[in-house]
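Quick notes on the structure that follows.
The values are calculated or read from the model by the stated rules, or taken from the named source; none is laboratory data. Remember, it's a predicted structure, so these values are computed and weren't measured experimentally. Please note: Cβ atoms are built from the backbone with ideal geometry, for glycine as well, and neighbour counts cover all protein chains shown. Protein only, heavy atoms only, side chains kept; ligands, DNA and RNA dropped before computing areas. Shrake-Rupley method; radii C 1.70, N 1.55, O 1.52, S 1.80 Å.
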There are 2 protein chains.
Amino acid sequence: MSDAYYLRLTDRLRELLSDPHACEEGRLPAERTLAERFRTTRVTLRQALAQLEGEGRIHRSNRRGWFVSPARLDYDPTRDAGFNDYVRAQGRRPRTEVLLTDTRPYPTAAEALGLPADQPFCHIRRRRFVDDRAVLAESLWVVPERAPGLLEGDYASHSLWGQLRSRWGLSLTHRSLRLYSEALPEREAAELGVAAGTAGLSVRRTIFDERRRPVEYDEEHWLHDALCITVELDGKA
Amino acid sequence: MSDAYYLRLTDRLRELLSDPHACEEGRLPAERTLAERFRTTRVTLRQALAQLEGEGRIHRSNRRGWFVSPARLDYDPTRDAGFNDYVRAQGRRPRTEVLLTDTRPYPTAAEALGLPADQPFCHIRRRRFVDDRAVLAESLWVVPERAPGLLEGDYASHSLWGQLRSRWGLSLTHRSLRLYSEALPEREAAELGVAAGTAGLSVRRTIFDERRRPVEYDEEHWLHDALCITVELDGKA
DNA sequence: CTGCTGATCTGGTATAGACCAGGAGTCTGA
DNA sequence: TCAGACTCCTGGTCTATACCAGATCAGCAG
């Protein structure tokens with residue numbers, strides 16, 4: 001079916017993307033301009049753009065235009081290197097905004113960790129950037145007994161997991177991960193400045209210490225084109 | 001922006017999906033029917049359907065219609081349980097078709113395993129089904145020296161990894177995984193009977209034995225709505 | 001019973017045009 | 001100088017319609 005015009009369009013657009021002169025500052029020409037140049041309608045052109053968006057080559061910024069997507073971030077959710085560390089390690093510039101903190105019961109987190117529904121949690125919600133692009137909206141819930149005084153400390157500038165280790169002597173031994181592609185929920189989409197329903201990747205983690213006591217639960221929502229999950233396993237069989 | 005008509009449409013369609021009478025055999029009414037029922041055009045209706053498709057609730061079968069998507073398959077790519085085993089463990093019916101086998105050099109696999117480009121491999125390409133829906137197209141390349149006679153054996157009906165262990169005494173100790181969302185490439189899309197560019201999930205693995213000798217490289221392409229990756233880590237810090 | 005034909009379903013692609021609403025400057029008047 | 005209004009540019013949404021192409025199945029001929 002490679003004879004559909006919009007598919008040939010994606011090929012020509014891909015060429016255009018690799019031409020540094022064509023899109024200044026990583027921004028594509030306006031849809032109307034492109035539609036005219038390729039002698040088609042905006043509808044068809046947008047079909048081609050959506051295709052490239054699905055491939056992770058371009059993304060849109062609400063009513064500002066289409067932009068070339070940067071390389072994906074390599075990310076190993078099984079390691080506890082801090083976000084800042086591995087973003088910088090890849091030559092990118094990290095930034096984090098804390099959106100909300102509180103301490104109260106969160107039944108969802110409680111259920112994930114196998115605790116009673118009225119179990120309170122230290123909750124942190126934040127938004128994280130790579131090179132000034134918001135790519136991740138996350139919420140994490142820490143069992144207060146494991147890390148007393150967490151929210152009073154400087155949880156923003158240093159790796160949270162590093163602090164759990166060093167300040168409270170926790171060893172985050174047992175982890176379970178769930179990961180699937182999704183359409184970003186309304187709230188997360190808004191926080192990332194994209195349309196609801198934009199393709200995303202959901203990562204959920206539950207963490208227990210060496211005595212199998214529940215420590216933390218967290219939910220991450222990534223832009224689908226922003227990351228490449230990598231996992232290294234050296235253990236036994 | 002919840003006032004866009006197509007977004008309200010998705011809500012009404014979601015209700016419709018949960019109504020067992022509305023869609024017989026998990027099949028939705030025709031687009032033209034739905035468009036008329038909701039007093040809009042096919043274009044707008046299709047926008048809503050695409051949204052639900054992104055959420056993984058429905059999927060299309062080429063020119064046959066839209067269907068309710070089954071629950072995602074839980075899949076742990078770090079374990080070496082066979083496909084058949086964990087599909088059955090979840091009460092589903094697995095099936096595998098071998099599309100191609102050969103032995104010759106494959107530079108891509110060689111590079112992934114750090115071998116010279118002219119290194120030959122035992123190559124198996126297959127398509128895998130869950131309840132008769134093709135959800136996975138995969139290729140795997142095994143270093144022939146590690147498993148002599150592999151392609152002559154019964155590699156189809158039993159877990160390949162199980163055989164590598166039992167027949168050749170290999171321990172698949174060191175593994176590295178890469179995983180990201182993608183638009184399905186033309187070939188894989190065709191094998192899965194979906195349109196090129198359909199949302200997918202790419203999983204690549206490289207496997208070394210306990211002496212760090214390269215054993216296997218494989219590439220999986222999943223339908224994005226077909227699986228939920230889970231990983232359990234009990235090991236060290 | 002078998003195999004072909006063709007009508008009629010389905011979604012897939014495309015046109016042409018319209019108006020809406022947010023983003024980002026510019027212009028203006030205090 | 002600076003805040004606020006205005007304007008223009010962008011993508012976002014939607015209508016109405018047309019035709020194409022694969023899937024399916026009834027019906028017919030052998």
Extreme residue, nearest to DNA strand C (Cβ to nearest atom), among residues of the range B:14-67 that are away from chain A (no Cβ under 14 Å) and of a type in the set (S, T, Y): B:T33
Return yes when A:R187 is out of contact with any Lys or Arg (no Cβ under 8 Å at 6 or more places or on another chain), part of a loop (DSSP other than H, G, I, E, B) and open to solvent by 20 Å² or more (accessible area, probe 1.4 Å) and no when it is not. no
Given the conditions (1) surrounded by fewer than 20 Cβ atoms within 10 Å (Cβ to Cβ); (2) in contact with a Cys (Cβ under 6 Å, 6 or more places away or on another chain), report the number of the one that A:Y180 does not fulfil. (1)
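Test of understanding: among A:D3, A:D11, which residue is within 29 Å of the chain's Cα centre (by Cα), open to solvent by 50 Å² or more (accessible area, probe 1.4 Å), farther than 17 Å from A:G65 by Cβ and within 14 Å of chain B (Cβ to nearest Cβ)?
Among A:D3, A:D11, only A:D11 is within 29 Å of the chain's Cα centre (by Cα), open to solvent by 50 Å² or more (accessible area, probe 1.4 Å), farther than 17 Å from A:G65 by Cβ and within 14 Å of chain B (Cβ to nearest Cβ).
Out of curiosity, is A:Y155 open to solvent by 20 Å² or more (accessible area, probe 1.4 Å) and within 12 Å of chain B (Cβ to nearest Cβ)?
Details: open to solvent by 20 Å² or more (accessible area, probe 1.4 Å): yes; within 12 Å of chain B (Cβ to nearest Cβ): no.
Against the criterion (open to solvent by 20 Å² or more (accessible area, probe 1.4 Å) and within 12 Å of chain B (Cβ to nearest Cβ)), A:Y155 does not qualify.
Could you please give the count of residues in the range B:131-155 that are among the acidic types (D, E) and farther than 28 Å from B:R92 by Cβ?
In the first step, residues of the range B:131-155 are kept if they are among the acidic types (D, E); the result is B:131-132, B:138, B:145, B:152, B:154.
Filter once more, so that each one left must be farther than 28 Å from B:R92 by Cβ: B:145, B:152.
Matching residues across the range B:131-155 total 2.
Only one of these is under 29 Å from B:A50 (Cβ atoms), open to solvent by 40 Å² or more (accessible area, probe 1.4 Å) and modelled with pLDDT of 95 or more: A:R46, A:R64, A:R27. Name it. Spell out how you get there, then give the answer.
Numbers: A:R64 fails: modelled with pLDDT of 95 or more; A:R27 fails: modelled with pLDDT of 95 or more.
Among A:R46, A:R64, A:R27, only A:R46 is under 29 Å from B:A50 (Cβ atoms), open to solvent by 40 Å² or more (accessible area, probe 1.4 Å) and modelled with pLDDT of 95 or more.
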Tell me, which strands (runs of 3 or more DSSP E) lie completely within the range B:31-135 with 2 or more residues that are of a type in the set (D, E)? B:94-105
Pairs under 9 Å by beta carbon, first residue more than 16 Å from DNA strand D (Cβ to nearest atom) in the range A:60-85, partner open to solvent by 60 Å² or more (accessible area, probe 1.4 Å) and part of a loop (DSSP other than H, G, I, E, B), six or more apart or different chains? A:P70/A:D131; A:A71/A:Q90; A:L73/A:Q90; A:D74/A:Q90; A:D80/B:A237; A:G82/A:H158; A:N84/A:S157; A:N84/A:H158
Residues of the range A:192-219 being closer than 23 Å to A:I58 by Cβ and either within 13 Å of chain B (Cβ to nearest Cβ) or in contact with an Asp or Glu (Cβ under 9 Å, 6 or more places away or on another chain) (or both), in sequence order, are A:G193, A:V194, A:A195, A:A196, A:G197, A:T198, A:A199, A:G200, A:L201, A:S202
